[in-house]
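These notes concern the structure reproduced below.
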Amino acid sequence: MDIVTLSWLKSLEIFINVPDDQLQWFLDNSKNHLLEDGSFLTSPGDAITGPHLVISGKLDLYLMQNGSKREFGAFTSGDIMGYLPYSRGKVASGYAQANGTVQLLSFPVERIQEMIKNHFELTQALVHVMSNRVREFTALQQQNEKMMALGKLSAGLAHELNNPASAIVRDSVSLKEHLKMSSEVFKKIASITMDCDSIDALNTEVFKILAVTDHPHLTLKQRMALEDEISSWFEEREVENGYAIAESFVDFNFSITDLEACAVTVPGNLSPVFNWISNLLITERMVEDIQESSRRIADLVNSVKTFTHMDRGQDKQFADIHTGIRNTLTMLGYKIRKGNITVVEDYDETLPPVKALIGELNQVWTNLVDNALDAMETNEQGTLTLKTEKDRDFVKVTVTDDGPGIPASALPNIFDPFFTTKPMGKGTGMGLEVVQRIVHQHNGSVKVSSKGGHTEFVVCFPFNN
């Protein structure tokens, strides 16, 4: 076992401003001892002792969650752990286990008050260690939670983006092939003689029909009846491929009246003209599908941008609370559909803008909605209800699910760090702690009530804080 000297203590950055006599007092009143490989300095429920200065070796810090080990840090030579002056922690929540032989210099916790009273600089150095640790832990916690939030969204988002992207590729290939075939249609249309007035009249009729976007929704039965009616009309007028092209005309809600209006502009053979119109409609449909898929991708990218608020600074901004909630639902859309979840949105659209860290609040909505979706998984269906309302100078957001509920024994600990009722790999136990911290950061509160078939989280914070 190495001898710990005053000069070694003075070489540590944490003690750089501590007078020699105070360091010597700390050294004289501490116990220099070894912790064997695999043995524990602390276990959950143990009273926190120390402070302990690691002279050599490594201490692993971890928690047991649902029978599995989850490491969250380590202490090595020069690190201080255990009880520190003014610390509010009294009982250990995790394990500190020796990884190899560990040499410790342990100060008795019973003499902390004497340290505070008589050794200011030493106390100040240890308080600085504690404040740095809180700051580092909070930063790590925030980063981990952001990564968890991103992980929750990534699979669904990839699926959401893949669908329209695949549709664009598929439609563009089909459009390219379709345009190659257009030359045959062009030859037939060129073989008939139409004057400029007739061509203009035909174009006017066709594009007047295409300009109508508010089409009535046809049932399958109505659609099949219209296809048969148009096919018969084509057959009576000896239009080639009449049965095949009827579908295109139904897609754009052509009626028999519309067909008659187009037909009167055409002298002679109608077949080339209506096959050309069908070709035009197919092209129009493919372009519309590509536009819709592109718009969907743009909307998803915009939702990601707004969700993360990556185009803004870190200052609080005034914003519509519903934008973040709706973006969260968009980001979790795949999981909502996969879980056969009905979403009920009951928003007070008259709410004034809230002043908040929008990106942070989006983490709140993500955690609450994602937890609700996880809770309803066991039912293979469910109803998620999101409600906003005004409560004097506060905005009140309620997230409700009809899952099996949170056990009564778990409710008192639901916001504790690392506490989770989810199986290993499904949750870190940090989500609701982060929710509470962010809401408190906005001078608000978050409450939970739960019974079988009804779990409700209520978030409340001032509009201007």
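Details
- Test for Glu345: is it over 13 Å from the mean Cα position of the chain (by Cα), closer than 28 Å to Pro462 by Cα and without any contact (Cβ under 8 Å) to a residue 40 or more places away in the chain: no
- Of the criteria (1) buried (at least 16 other Cβ atoms within 10 Å of the Cβ); (2) farther than 24 Å from Phe415 by Cβ, which one Trp365 fails: (2)
- Single residue of Glu238, Glu229, Glu247 found to be modelled with pLDDT of 85 or more and at positive phi: Glu238
- Summed over the stretch 270-293, the residues that are loosely packed, with under 15 Cβ neighbours inside 10 Å and either hydrophobic (A, V, I, L, M, F, W, C) or not in a helix (DSSP H, G or I) (or both) give a count of 1.
- When residues in the stretch 33-63 are screened for being loosely packed, with under 12 Cβ neighbours inside 10 Å and of a type in the set (A, V, I, L, M), 1 of them pass.
- Residue check: Phe75 meets all listed conditions (1) under 20 Å from Asp2 (Cα atoms); (2) surrounded by fewer than 19 Cβ atoms within 10 Å (Cβ to Cβ); (3) among the aromatic types (Phe, Trp, Tyr) but one, namely (2).
- Scanning the stretch 74-90 for residues that are assigned to a loop (DSSP other than H, G, I, E, B) and in contact (Cβ under 8 Å) with a residue 12 or more places away in the chain yields Thr76, Ser77, Gly78, Asp79, Gly82, Tyr83, Leu84, Pro85, Tyr86, Ser87, Gly89, Lys90.
- Scanning the stretch 253-269 for residues that are crowded, with 18+ Cβ neighbours inside 10 Å and farther than 21 Å from Arg223 by Cβ yields Ala261, Thr265, Val266.
- Residues of the stretch 7-32 that turn out to be surrounded by 15 or more Cβ atoms within 10 Å (Cβ to Cβ) and not polar (S, T, N, Q), as a count: 10
- Every residue from the stretch 381-405 that is without any contact (Cβ under 8 Å) to a residue 60 or more places away in the chain and under 26 Å from His442 (Cα atoms): Leu384, Thr385, Lys387, Glu389, Lys390, Arg392, Thr400, Asp401
- Within the stretch 227-263, the set of residues being in a helix (DSSP H, G or I) and either of a type in the set (A, V, I, L, M) or in contact with a Lys or Arg (Cβ under 7 Å, 6 or more places away or on another chain) (or both) comprises Ile230, Ala244, Ile245, Ala246, Val250, Asp251, Ile256, Leu259, Ala261, Ala263.
- Among the residues listed as Ser449, Ser445, the single one being surrounded by fewer than 16 Cβ atoms within 10 Å (Cβ to Cβ), over 22 Å from the mean Cα position of the chain (by Cα), at pLDDT 90 or above and not assigned by TED's automatic domain parsing to the domain that holds Tyr95: Ser449
The values are calculated or read from the model by the stated rules, or taken from the named source; none is laboratory data. Note that this is a predicted model, so its numbers are computed, not measured. Neighbour counts are summed over all protein chains in view; Cβ atoms, including those assigned to glycine, are modelled from backbone coordinates with ideal geometry.
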